[in-house]
Amino acid sequence: KNTLFSGTVKENLRWGKEDATDEEIDEACRIACVDEFIGRLENGYDTDLGQGGVNVSGGQKQRLCIARALLKKPKVLILDDSTSAVDTATEGKIRTALSALTNVTKIIIAQRISSVRHADQIIIMDRGHVEAIGTHESLLRDNQIYQEIYASQKEGADL
């Protein structure tokens with residue numbers, strides 16, 4: 001769940017790191033593609049979000065929460081359907097920026113193949129059980145569940 005608190009954008013981001021510098025905030029926001037909309041907010045980083053972020057979209061909330069998590073400099077980053085409300089182009093930018101991060105293990109839980117196709121390992125689960133583990137290429141070749149998901153998402157997606 002993407003949780004934003006009463007206060008400004010910057011105050012929400014600093015929940016990730018209380019003493020974050022403006023440069024650290026800018027970098028986290030660049031990776032999470034917050035920089036694409038922050039300038040359109042009434043007061044930029046000083047825009048009041050209201051309880052729960054009522055004045056930003058679902059995709060903007062997701063990106064702000066990703067930026068906040070990045071400020072913590074985690075060793076393990078778990079993203080659970082964290083880009084479901086953003087368009088595929090923005091998701092691709094976020095994915096590319098995240099892939100450049102070193103010294104962090106990224107676990108991505110997603111329903112979009114485009115979100116995981118470049119992962120080192122993809123785990124296919126069905127009804128709570130692991131059905132297959134592999135790369136995009138090996139699963140596309142050998143796993144019927146993955147093939148069906150791929151076929152259903154191929155139209156209009158970056159696959």
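Taking the conditions exactly as written (touching a Leu at 6+ places or on another chain (Cβ under 9 Å), small (Gly, Ala, Ser), more than 22 Å from Val76 (Cβ to Cβ) and open to solvent by less than 60 Å² (accessible area, probe 1.4 Å)), does Ala110 satisfy them or not? Against the criterion (touching a Leu at 6+ places or on another chain (Cβ under 9 Å), small (Gly, Ala, Ser), more than 22 Å from Val76 (Cβ to Cβ) and open to solvent by less than 60 Å² (accessible area, probe 1.4 Å)), Ala110 does not qualify.
Taking the condition of being part of a loop (DSSP other than H, G, I, E, B) and within 18 Å of Leu70 (Cα to Cα), how many residues in segment 87-127 meet it?
Going residue by residue through segment 87-127, those that are part of a loop (DSSP other than H, G, I, E, B) are 87, 100-104, 110-112, 117-121, 127.
Right, trim to within 18 Å of Leu70 (Cα to Cα) and you get 100-104.
Total meeting the criteria: 5.
Looking across segment 36-49 at every residue that is touching a Ser or Thr at 6+ places or on another chain (Cβ under 8 Å) and closer than 30 Å to Asn103 by Cα, the one that is surrounded by the most Cβ atoms within 10 Å (Cβ to Cβ) is identified as Tyr45. Looking at segment 50-102, which of its residues are open to solvent by less than 30 Å² (accessible area, probe 1.4 Å), under 21 Å from Glu23 (Cα atoms) and touching a residue at least 60 places away in the same chain (Cβ under 8 Å)? Those that are open to solvent by less than 30 Å² (accessible area, probe 1.4 Å), under 21 Å from Glu23 (Cα atoms) and touching a residue at least 60 places away in the same chain (Cβ under 8 Å): Gln62, Leu64, Cys65, Ile94, Ala97, Leu98.
Scanning segment 134-159 for residues that are in a loop (DSSP other than H, G, I, E, B), at pLDDT 90 or above and either of a type in the set (Lys, Arg) or open to solvent by 100 Å² or more (accessible area, probe 1.4 Å) (or both) yields a count of 0.
Every test in (1) out of contact with any strand residue (DSSP E or B) (no Cβ under 7 Å at 6 or more places or on another chain); (2) open to solvent by 50 Å² or more (accessible area, probe 1.4 Å); (3) within 30 Å of Ile122 (Cα to Cα); (4) not acidic (Asp, Glu) is passed by Cys33 save one, and that test is (2).
Residue count for segment 11-57, restricted to those that are farther than 20 Å from Lys72 by Cα, in a loop (DSSP other than H, G, I, E, B) and among the acidic types (Asp, Glu): 1.
In segment 92-110 there is at least one residue that is in contact with a Cys (Cβ under 9 Å, 6 or more places away or on another chain) and among the basic types (Lys, Arg).
Of the listed requirements (1) at pLDDT 95 or above; (2) open to solvent by less than 60 Å² (accessible area, probe 1.4 Å), Glu131 misses just one: (2).
The values are calculated or read from the model by the stated rules, or taken from the named source; none is laboratory data. Source: prediction; values computed, not measured. Ideal geometry is used to build each Cβ from the backbone, glycine not excepted, and the neighbour counts take in all protein chains shown. Surface areas here come from the heavy atoms of the whole protein model, side chains and all, with no ligands, DNA or RNA. Shrake-Rupley method; radii C 1.70, N 1.55, O 1.52, S 1.80 Å.
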